[in-house]
Amino acid sequence: MRMGINAGGCCCCGGAVKSKQVDIGGVKVGMVGLDEIFSEVYGCEMEDEEGLKKELVKRAAIYNYIPESAKEVYGNSLLREYKEYCRREGEQR
């Protein structure tokens, strides 16, 4: 399996994964794969915010390092970003 980095972000299996700057507790952190993660979770139509935060962190941790001690802060930030993603998706429909 070929893995590497290109201008758009991480490259695995021939597809580019975009990176995005996310405010995590007041610090800008580069994260990859969020558009793909948000798209997958959006299709699941989850409504429980605590469960949703855990799912977002679990999926984001596949592509990004998330310290155990910061999972709550990451969860809050990812949920905020996900809600913005849902708002944009709703406008496109």
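Comparison of VAL73, VAL57 shows that the only residue that is in a helix (DSSP H, G or I) and touching a residue at least 24 places away in the same chain (Cβ under 8 Å) is VAL73. Candidates are the residues of the range 41-54 that are touching a Phe, Trp or Tyr at 6+ places or on another chain (Cβ under 9 Å) and without any contact (Cβ under 8 Å) to a residue 40 or more places away in the chain; the one that is farthest from GLU89 (Cα to Cα) is LYS53.
With respect to GLU55, is the statement that it is of a type in the set (Asp, Glu), modelled with pLDDT of 95 or more and surrounded by 13 or more Cβ atoms within 10 Å (Cβ to Cβ) true? It is true that GLU55 is of a type in the set (Asp, Glu), modelled with pLDDT of 95 or more and surrounded by 13 or more Cβ atoms within 10 Å (Cβ to Cβ).
Using the structure shown, decide if TYR42 is assigned to a loop (DSSP other than H, G, I, E, B), more than 10 Å from the chain's Cα centre (by Cα) and of a type in the set (Phe, Trp, Tyr). If you could, list the steps in order and put the result at the bottom.
Values: assigned to a loop (DSSP other than H, G, I, E, B): no; more than 10 Å from the chain's Cα centre (by Cα): yes; of a type in the set (Phe, Trp, Tyr): yes.
No; evaluated as a whole, the condition is false for this residue.
The values are calculated or read from the model by the stated rules, or taken from the named source; none is laboratory data. Small disclaimer: the values here were computed from a predicted structure and weren't measured. Virtual Cβ from ideal backbone geometry, glycine too; neighbours counted across all protein chains shown.
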